Amino acid sequence: MINQNEIKSTALRNLNMYFEDIYFQSNGKNIKDVPKGVNIGFKEIHKYEENKISIKLYCKVEKKNSFELNLCLVGIFLVGENFPTDKLLPNAIAIMFPYLRSQVTLMTTQPNIVPIIIPPININSFLKRQQEKFDKNKN
């Protein structure tokens, strides 16, 4: 157990990160032009608990009639004393995102498939778009 006093000067500390779910299905077709026609989507769900942020980062990579990959990466972060928990969400997701990108590349490095390499994204823009979608669906 981490003592709260040990992280006074640290804004964000990763307590745990793991893939909760990985699903990959392929129909076995030879896919030489994978980057063309591949759909990639992300979704994030988070929860604040006092001085912790729990995040589930979802990714879906799909090429119709070829393959589908679904991932869920869970991250649990401890927020240092005197730091606003809600303001550190983008930082926590930015820490998680390279692991998600790497796993997508690893999972698509399969025989007869050109690996999918997800470029870095602007986390703040991603969160803003997600909030706009949520607000639109809420009305």
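Bear in mind these aren't lab numbers, they're just calculated from the coordinates by the rules spelled out. All figures in this text were calculated on a predicted structure; none of them were measured in a lab. For neighbour counting, all protein chains shown are included, and Cβ atoms are generated from backbone atoms with ideal geometry for every residue, glycine included.
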Separation in nanometres of the label points that stand 7 Å from Cα toward Cβ, at Asn51 and Leu127: 2.1
Label zone at Ala11 (point 7 Å along Cα-to-Cβ), backbone N below 12 Å, the range 71-110: 80, 83-95
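For Val114 and Asp86 in one chain, what is 0.36 nm times their gap in residues minus the Cα-Cα distance, to one decimal in nm?
Details: separation 28, 0.36 × 28 = 10.08 nm, distance 3.84 nm.
Between Val114 and Asp86, full extension yields 6.2 nm more.
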Shape box of the range 55-139 [Cα atoms, principal axes, largest first, Å]: 51, 34, 18
